[in-house]
Amino acid sequence: MKNSQILVCISRVLFPFVLVFGFYVIVNGHLTPGGGFQGGAILATAILITYFIIPERINIIDGLVRLEKHLFLWIIVVGSLSLITKGTFFTNPLPIPAAISFKRIFLVLLNFLIGSKVAIGLVAIFSSFIEEGRS
Amino acid sequence: METVVLANFIQVLLIIITIALVANKNNTVVAILFSVSSLFLALLYFFNKAPDVALAEIAVGSAIMPLILIISISKQREYVVITHVKDDFVNSLTGEGRKVLQDFADSNNLELKIYDRDIDNIKGIFRERNVDLIIDRSDDNKIYYLRGKKSSLLISKLENKVKNLENIKIIKEEEVETND
């Protein structure tokens, strides 16, 4: 399928900016509105639009789908760190009187993992939907 | 005070856009109107002090949902044909069956796609339902069989079109219930 030159050009210009905005929303998730899910959806949009318009440019879809299963394991591992220190799942494993700049590491890490998981999951669903019927 | 006036204006605009969305019959326009309406909805969320929900609404409602609609519209335009016949009937551009099918696809505003391999080699999860037409040939005489689903509207149109051609025969198949 041949796409129009305007679409190809605009998607090439827009791709890095949308990626940077998605990473910004994920990494600043504990300070500003947004977080893992919203940033992940923005990242997935960037990858999917480029894949829909220029399929040759995104050639790591198979690797991404494999990475998603590993990320699920990592979310469980990070969430169960607090089982060792505090005895419950999915709370901050660091002690309460510690400095805030030290305690926010947990939030950033979990936001990053959830953002990557959402982005790659949406990419996996939609790329199989786009490829449906192609041989 | 000004924010309240602006929010009321956006609400009225949103009602108008939603009525246009429901009343419209064109699929591509519906995709764009859906995107616009969810953009205004996100602005309303922001005025009502929920910027987090607004960000999710922008990401999902105005980017991913129109993408689903556009992909499904472009899927709808394809007319997938699988051929088991090796000669010039549909494989060359000047074949008789190719001309008929191309003419049929053009008149119905569809994009003709012909594959000469088996159904199992096509990528996809729902691959059984995706095929519109299968071409076979009887060994003794020169009759080409076109097999299609009985419930499809296009197959009766195609049957009406090839009614006076002698070497093409249409077989309508009942749809088989799948277990998934």
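Things worth noting here:
- 1 or more residues closer than 30 Å to A:Ala124 by Cα, hydrophobic (A, V, I, L, M, F, W, C) and at pLDDT 85 or above: qualifying helices (runs of 4 or more DSSP H) within segment B:1-118: B:2-23, B:27-47, B:51-59, B:65-76
- Residue that is farthest from the other protein chains (Cβ to nearest Cβ) [pool: residues in segment B:58-86 that are in contact with a strand residue (DSSP E or B) (Cβ under 8 Å, 6 or more places away or on another chain) and open to solvent by 50 Å² or more (accessible area, probe 1.4 Å)]: B:His84
- Options A:Gly87, A:Gly29, A:Gly39: the member that is surrounded by 19 or more Cβ atoms within 10 Å (Cβ to Cβ) and either touching a Pro at 6+ places or on another chain (Cβ under 7 Å) or part of a loop (DSSP other than H, G, I, E, B) (or both): A:Gly29
- Considering A:Ile96, A:Ile58, A:Ile54, A:Ile47, the condition of being open to solvent by 80 Å² or more (accessible area, probe 1.4 Å) and aliphatic (A, V, I, L, M) is satisfied by A:Ile96 alone.
- Within segment A:3-26, being within 26 Å of A:Leu107 (Cβ to Cβ) and either outside any helix (DSSP H, G or I) or open to solvent by 70 Å² or more (accessible area, probe 1.4 Å) (or both) holds for A:Phe17, A:Val20, A:Phe21, A:Phe23, A:Tyr24.
- Of all residues in segment A:99-135, those being surrounded by 17 or more Cβ atoms within 10 Å (Cβ to Cβ), among the hydroxyl-bearing types (Ser, Thr, Tyr) and over 10 Å from the mean Cα position of the chain (by Cα) number 1.
The values are calculated or read from the model by the stated rules, or taken from the named source; none is laboratory data. Nothing here was measured: the structure is a model prediction, and the numbers come from that model. Methodologically, a virtual Cβ is constructed for each residue, glycine included, from the backbone with ideal geometry; neighbour enumeration extends over all protein chains shown. What goes into the accessible areas is simple: the full protein's heavy atoms, side chains included, and nothing from ligands, DNA or RNA. Shrake-Rupley method; radii C 1.70, N 1.55, O 1.52, S 1.80 Å.
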